[in-house]
(Lines give C-alpha, C1' and ligand atoms only; values in the text may rest on other atoms or scores of the structure.)
Protein backbone atom coordinates (compact mmCIF):
# COMPACT_ATOMS: atom_id res chain seq x y z
CA UNK A 1 0.00 0.00 0.00
CA UNK A 2 2.77 2.39 0.95
CA UNK A 3 4.73 1.69 -2.24
CA UNK A 4 1.62 2.19 -4.34
CA UNK A 5 0.92 5.52 -2.64
CA UNK A 6 4.45 6.76 -3.32
CA UNK A 7 4.29 5.73 -6.97
CA UNK A 8 0.87 7.30 -7.46
CA UNK A 9 1.89 10.56 -5.81
CA UNK A 10 5.04 10.88 -7.90
CA UNK A 11 3.21 10.07 -11.11
CA UNK A 12 0.65 12.72 -10.25
CA UNK A 13 3.37 15.28 -9.57
CA UNK A 14 5.12 14.65 -12.87
CA UNK A 15 1.89 14.81 -14.86
CA UNK A 16 0.65 17.93 -13.06
CA UNK A 17 3.99 19.69 -13.43
CA UNK A 18 4.07 18.86 -17.11
CA UNK A 19 0.61 20.36 -17.44
CA UNK A 20 1.64 23.68 -15.85
CA UNK A 21 0.67 26.96 -17.45
CA UNK A 22 4.11 27.47 -19.00
CA UNK A 23 4.62 25.23 -22.06
CA UNK A 24 7.87 23.27 -21.87
CA UNK A 25 9.33 25.13 -24.86
CA UNK A 26 8.74 28.49 -23.14
CA UNK A 27 10.55 27.59 -19.94
CA UNK A 28 13.92 29.20 -19.26
CA UNK A 29 16.48 28.63 -16.54
CA UNK A 30 15.78 31.06 -13.71
CA UNK A 31 18.56 30.07 -11.33
CA UNK A 32 20.56 27.40 -9.55
CA UNK A 33 20.87 26.31 -5.92
CA UNK A 34 23.99 24.49 -4.71
CA UNK A 35 25.15 23.41 -1.27
CA UNK A 36 28.13 21.33 -0.16
CA UNK A 37 27.94 19.86 3.35
CA UNK A 38 30.63 17.95 5.22
CA UNK A 39 31.58 17.33 8.82
CA UNK A 40 35.13 18.34 7.87
CA UNK A 41 33.64 21.87 7.88
CA UNK A 42 32.06 21.18 11.29
CA UNK A 43 33.23 18.92 14.10
CA UNK A 44 35.68 17.00 11.80
CA UNK A 45 34.76 13.55 13.19
CA UNK A 46 33.93 11.93 9.80
CA UNK A 47 30.83 10.03 10.92
CA UNK A 48 27.05 9.74 10.60
CA UNK A 49 25.73 12.45 8.22
CA UNK A 50 29.28 12.93 7.06
CA UNK A 51 28.91 14.43 3.57
CA UNK A 52 26.40 15.64 0.99
CA UNK A 53 26.15 17.74 -2.14
CA UNK A 54 22.99 19.02 -3.81
CA UNK A 55 22.38 21.07 -6.93
CA UNK A 56 19.02 22.30 -8.24
CA UNK A 57 18.03 24.04 -11.46
CA UNK A 58 14.89 26.17 -11.53
CA UNK A 59 12.82 26.46 -14.70
CA UNK A 60 9.83 28.60 -15.58
CA UNK A 61 8.65 31.21 -18.02
CA UNK A 62 9.58 34.13 -15.73
CA UNK A 63 10.15 35.22 -12.15
CA UNK A 64 8.21 38.17 -10.79
CA UNK A 65 9.55 38.39 -7.24
CA UNK A 66 7.17 35.80 -5.79
CA UNK A 67 6.00 32.25 -6.42
CA UNK A 68 3.10 32.01 -8.91
CA UNK A 69 -0.31 30.69 -7.95
CA UNK A 70 -0.20 28.06 -10.71
CA UNK A 71 0.92 24.58 -9.65
CA UNK A 72 3.72 23.42 -11.95
CA UNK A 73 4.67 26.84 -13.32
CA UNK A 74 8.02 26.81 -11.48
CA UNK A 75 9.94 23.52 -11.57
CA UNK A 76 12.96 22.55 -9.52
CA UNK A 77 15.13 19.79 -10.99
CA UNK A 78 17.40 18.46 -8.23
CA UNK A 79 20.27 15.99 -8.06
CA UNK A 80 21.90 15.22 -4.74
CA UNK A 81 24.31 12.74 -3.22
CA UNK A 82 24.88 11.80 0.40
CA UNK A 83 27.02 9.59 2.61
CA UNK A 84 25.71 8.34 5.95
CA UNK A 85 28.48 6.51 7.79
CA UNK A 86 28.93 4.61 11.04
CA UNK A 87 30.70 6.17 14.01
CA UNK A 88 33.92 4.56 12.77
CA UNK A 89 34.81 3.67 9.19
CA UNK A 90 37.24 0.98 10.37
CA UNK A 91 35.35 -0.71 13.23
CA UNK A 92 34.26 -4.19 12.06
CA UNK A 93 31.22 -3.92 14.36
CA UNK A 94 29.66 -0.59 13.22
CA UNK A 95 27.02 1.25 15.25
CA UNK A 96 24.84 1.74 12.14
CA UNK A 97 24.81 0.62 8.52
CA UNK A 98 26.60 2.58 5.83
CA UNK A 99 24.42 4.41 3.29
CA UNK A 100 25.47 5.75 -0.11
CA UNK A 101 22.83 7.82 -1.90
CA UNK A 102 22.29 9.32 -5.36
CA UNK A 103 18.87 10.99 -5.68
CA UNK A 104 17.44 12.72 -8.76
CA UNK A 105 14.20 14.59 -8.12
CA UNK A 106 11.60 17.01 -9.39
CA UNK A 107 9.60 19.59 -7.41
CA UNK A 108 7.29 22.51 -7.99
CA UNK A 109 6.93 25.72 -5.96
CA UNK A 110 3.74 27.74 -5.85
CA UNK A 111 1.74 30.20 -3.78
CA UNK A 112 -1.29 28.51 -2.22
CA UNK A 113 -3.41 31.45 -1.06
CA UNK A 114 -0.57 33.08 0.80
CA UNK A 115 1.13 29.82 1.83
CA UNK A 116 4.50 29.08 0.23
CA UNK A 117 4.28 25.46 -0.97
CA UNK A 118 6.82 23.02 -2.36
CA UNK A 119 5.90 19.49 -3.47
CA UNK A 120 8.71 17.25 -4.64
CA UNK A 121 9.44 13.65 -5.58
CA UNK A 122 12.76 11.80 -5.59
CA UNK A 123 14.07 8.43 -6.69
CA UNK A 124 16.58 7.73 -3.91
CA UNK A 125 19.08 5.21 -5.29
CA UNK A 126 21.24 3.27 -2.83
CA UNK A 127 23.89 0.58 -2.62
CA UNK A 128 27.14 -0.29 -4.41
CA UNK A 129 25.48 0.61 -7.73
CA UNK A 130 25.83 4.31 -6.80
CA UNK A 131 29.64 4.02 -6.41
CA UNK A 132 29.37 6.52 -3.53
CA UNK A 133 31.17 4.22 -1.12
CA UNK A 134 33.91 3.49 -3.67
CA UNK A 135 34.31 7.22 -4.24
CA UNK A 136 34.77 7.87 -0.52
CA UNK A 137 37.32 5.05 -0.30
CA UNK A 138 39.37 6.50 -3.17
CA UNK A 139 39.24 10.04 -1.77
CA UNK A 140 40.38 8.84 1.67
CA UNK A 141 43.18 6.85 0.05
CA UNK A 142 44.31 9.87 -1.96
CA UNK A 143 44.50 12.24 1.02
CA UNK A 144 45.83 9.72 3.51
CA UNK A 145 42.77 9.14 5.71
CA UNK A 146 41.46 5.83 7.00
CA UNK A 147 39.92 3.84 4.17
CA UNK A 148 36.41 2.61 4.98
CA UNK A 149 36.11 -1.15 5.51
CA UNK A 150 32.41 -1.02 6.42
CA UNK A 151 31.08 -0.90 2.86
CA UNK A 152 29.92 -4.49 3.22
CA UNK A 153 27.36 -3.27 5.78
CA UNK A 154 25.80 -0.69 3.48
CA UNK A 155 22.14 -0.54 2.61
CA UNK A 156 21.90 -2.72 -0.54
CA UNK A 157 21.12 -1.75 -4.10
CA UNK A 158 17.64 -0.31 -4.30
CA UNK A 159 15.40 2.55 -5.39
CA UNK A 160 13.35 4.28 -2.69
CA UNK A 161 10.58 6.50 -4.17
CA UNK A 162 10.07 9.49 -1.87
CA UNK A 163 7.50 12.29 -1.74
CA UNK A 164 8.01 15.50 0.25
CA UNK A 165 5.69 18.44 0.95
CA UNK A 166 6.62 21.70 2.70
CA UNK A 167 4.25 24.53 3.63
CA UNK A 168 5.49 27.81 5.08
CA UNK A 169 4.69 31.47 5.41
CA UNK A 170 7.02 34.46 5.61
CA UNK A 171 6.42 37.38 7.95
CA UNK A 172 8.36 40.64 7.73
CA UNK A 173 9.30 42.44 10.94
CA UNK A 174 10.64 45.68 9.52
CA UNK A 175 12.89 46.00 6.50
CA UNK A 176 15.59 43.53 7.55
CA UNK A 177 13.98 40.75 9.59
CA UNK A 178 12.03 37.83 8.10
CA UNK A 179 10.52 35.00 10.14
CA UNK A 180 9.16 31.90 8.42
CA UNK A 181 7.49 29.03 10.29
CA UNK A 182 7.05 25.84 8.27
CA UNK A 183 5.64 22.33 8.35
CA UNK A 184 7.00 19.42 6.35
CA UNK A 185 5.81 15.89 5.66
CA UNK A 186 7.62 13.09 3.88
CA UNK A 187 6.87 9.51 2.91
CA UNK A 188 9.46 7.25 1.33
CA UNK A 189 13.09 6.66 2.31
CA UNK A 190 12.25 8.23 5.67
CA UNK A 191 8.70 8.93 6.87
CA UNK A 192 8.26 11.94 9.12
CA UNK A 193 6.32 15.02 10.11
CA UNK A 194 8.43 18.10 10.90
CA UNK A 195 7.74 21.54 12.41
CA UNK A 196 10.22 24.37 12.52
CA UNK A 197 11.10 27.93 11.66
CA UNK A 198 13.77 30.09 10.05
CA UNK A 199 14.84 33.70 10.56
CA UNK A 200 16.78 35.96 8.19
CA UNK A 201 18.43 39.06 9.65
CA UNK A 202 19.28 41.13 6.58
CA UNK A 203 18.20 41.24 2.95
CA UNK A 204 19.40 37.79 1.88
CA UNK A 205 17.04 36.33 -0.72
CA UNK A 206 14.60 39.25 -0.69
CA UNK A 207 12.02 38.61 -3.44
CA UNK A 208 13.86 35.41 -4.38
CA UNK A 209 12.99 31.72 -4.17
CA UNK A 210 14.54 29.30 -1.69
CA UNK A 211 14.63 25.53 -1.51
CA UNK A 212 15.44 23.48 1.61
CA UNK A 213 18.50 21.28 1.94
CA UNK A 214 17.59 17.71 2.87
CA UNK A 215 20.38 17.06 5.40
CA UNK A 216 20.77 20.36 7.26
CA UNK A 217 17.48 22.16 6.66
CA UNK A 218 19.31 25.28 5.46
CA UNK A 219 17.26 27.30 3.01
CA UNK A 220 19.30 27.61 -0.18
CA UNK A 221 18.65 30.50 -2.58
CA UNK A 222 17.72 29.22 -6.04
CA UNK A 223 16.27 32.25 -7.84
CA UNK A 224 17.86 35.58 -7.02
CA UNK A 225 15.60 38.45 -6.05
CA UNK A 226 16.65 41.95 -5.09
CA UNK A 227 20.32 41.43 -4.28
CA UNK A 228 21.87 44.07 -2.01
CA UNK A 229 25.58 44.05 -1.09
CA UNK A 230 26.27 43.23 2.54
CA UNK A 231 25.94 40.53 5.17
CA UNK A 232 22.92 38.61 6.39
CA UNK A 233 22.53 36.16 9.26
CA UNK A 234 20.28 33.11 9.06
CA UNK A 235 18.98 31.07 12.01
CA UNK A 236 16.71 28.05 12.08
CA UNK A 237 15.62 24.91 13.82
CA UNK A 238 13.10 22.10 13.65
CA UNK A 239 11.87 18.93 15.31
CA UNK A 240 10.62 15.86 13.44
CA UNK A 241 8.54 12.86 14.44
CA UNK A 242 10.05 9.90 12.59
CA UNK A 243 7.87 6.85 11.97
CA UNK A 244 10.13 4.85 9.63
CA UNK A 245 13.60 5.01 8.08
CA UNK A 246 15.09 2.77 5.41
CA UNK A 247 18.52 3.87 6.70
CA UNK A 248 17.89 2.37 10.15
CA UNK A 249 16.07 -0.91 9.41
CA UNK A 250 14.92 -3.25 12.18
CA UNK A 251 17.45 -5.82 10.99
CA UNK A 252 20.36 -3.42 11.57
CA UNK A 253 22.40 -2.73 14.71
CA UNK A 254 20.75 0.63 15.46
CA UNK A 255 17.23 1.26 16.77
CA UNK A 256 15.48 4.30 15.28
CA UNK A 257 14.64 7.20 17.62
CA UNK A 258 11.15 8.52 17.05
CA UNK A 259 12.17 12.20 17.31
CA UNK A 260 14.97 14.14 15.61
CA UNK A 261 16.09 17.75 16.09
CA UNK A 262 18.21 20.19 14.11
CA UNK A 263 19.53 23.71 14.84
CA UNK A 264 21.38 25.82 12.29
CA UNK A 265 22.98 29.20 11.69
CA UNK A 266 24.67 30.76 8.71
CA UNK A 267 26.26 33.90 7.30
CA UNK A 268 25.62 35.12 3.77
CA UNK A 269 27.80 37.70 2.04
CA UNK A 270 26.64 39.48 -1.11
CA UNK A 271 29.14 41.39 -3.21
CA UNK A 272 28.86 43.18 -6.52
CA UNK A 273 29.78 40.12 -8.61
CA UNK A 274 30.03 37.31 -6.08
CA UNK A 275 28.27 35.81 -3.09
CA UNK A 276 29.18 33.26 -0.44
CA UNK A 277 27.36 31.34 2.29
CA UNK A 278 28.73 29.36 5.21
CA UNK A 279 26.48 27.63 7.71
CA UNK A 280 26.78 25.22 10.62
CA UNK A 281 24.14 22.73 11.69
CA UNK A 282 23.77 20.70 14.85
CA UNK A 283 22.11 17.38 14.09
CA UNK A 284 20.53 15.56 17.01
CA UNK A 285 20.60 11.83 17.67
CA UNK A 286 18.96 9.56 15.09
CA UNK A 287 19.05 6.22 16.91
CA UNK A 288 18.94 4.87 20.44
CA UNK A 289 22.34 4.73 22.10
CA UNK A 290 23.94 7.19 19.70
CA UNK A 291 26.92 8.77 21.47
CA UNK A 292 25.71 12.33 20.82
CA UNK A 293 24.78 14.79 18.16
CA UNK A 294 27.12 16.13 15.51
CA UNK A 295 28.01 19.42 13.84
CA UNK A 296 28.37 19.73 10.06
CA UNK A 297 29.35 22.72 7.98
CA UNK A 298 27.85 23.86 4.67
CA UNK A 299 29.36 26.04 1.95
CA UNK A 300 28.15 27.78 -1.17
CA UNK A 301 30.11 30.14 -3.45
CA UNK A 302 28.79 31.92 -6.54
CA UNK A 303 30.91 34.00 -8.90
CA UNK A 304 29.61 36.12 -11.77
CA UNK A 305 31.81 36.92 -14.78
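The values are calculated or read from the model by the stated rules, or taken from the named source; none is laboratory data. Remember, predicted model here, so these are calculated numbers, not experimental data. So basically every Cβ, Gly included, is an ideal-geometry build from the backbone, and we count neighbours across all protein chains shown.
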**Report entry** Pick from segment 136-158, criterion surrounded by 14 or more Cβ atoms within 10 Å (Cβ to Cβ) and touching a strand residue (DSSP E or B) at 6+ places or on another chain (Cβ under 9 Å), ranking: nearest to residue 117 (Cα to Cα)
**Finding:** 155
Report task. Mind counting the residues in segment 80-126 that are over 24 Å from residue 222 (Cβ atoms) and either assigned to a loop (DSSP other than H, G, I, E, B) or at pLDDT below 95 (or both)? Result -> 13
Query raised in the report: Only one of 225, 237, 217 is crowded, with 16+ Cβ neighbours inside 10 Å, assigned to a strand (DSSP E or B) and either in contact (Cβ under 8 Å) with a residue 60 or more places away in the chain or touching a strand residue (DSSP E or B) at 6+ places or on another chain (Cβ under 7 Å) (or both); which?
Result: 237
Query raised in the report: So is residue 48 modelled with pLDDT of 60 or more, under 18 Å from residue 275 (Cβ atoms) and buried (at least 17 other Cβ atoms within 10 Å of the Cβ) or not?
Result: no
Query raised in the report: If you scan segment 288-305, which residues turn out to be out of contact with any strand residue (DSSP E or B) (no Cβ under 6 Å at 6 or more places or on another chain) and under 21 Å from residue 98 (Cα atoms)?
Result: 288, 289, 290, 291, 292
**Report entry** Number of the condition not met by residue 272 [criteria: (1) touching a strand residue (DSSP E or B) at 6+ places or on another chain (Cβ under 7 Å); (2) more than 28 Å from residue 124 (Cα to Cα)]
**Finding:** (1)
**Report entry** Neighbours by Cβ (under 6 Å, 6+ apart or cross-chain): first from segment 66-85, closer than 16 Å to residue 155 by Cβ; second surrounded by fewer than 21 Cβ atoms within 10 Å (Cβ to Cβ)
**Finding:** 81/53; 81/102; 85/47
Report summary line: Note on residue 280: of the conditions (1) without any contact (Cβ under 8 Å) to a residue 60 or more places away in the chain; (2) assigned to a strand (DSSP E or B); (3) more than 23 Å from residue 165 (Cα to Cα), unmet is (1)
Report summary line: Checked against (1) over 30 Å from residue 65 (Cβ atoms); (2) modelled with pLDDT of 95 or more, residue 144 satisfies every condition except (2)
Query raised in the report: When only residues in segment 277-291 that are surrounded by fewer than 16 Cβ atoms within 10 Å (Cβ to Cβ) and modelled with pLDDT of 95 or more count, which is nearest to residue 211 (Cα to Cα)?
Result: 278
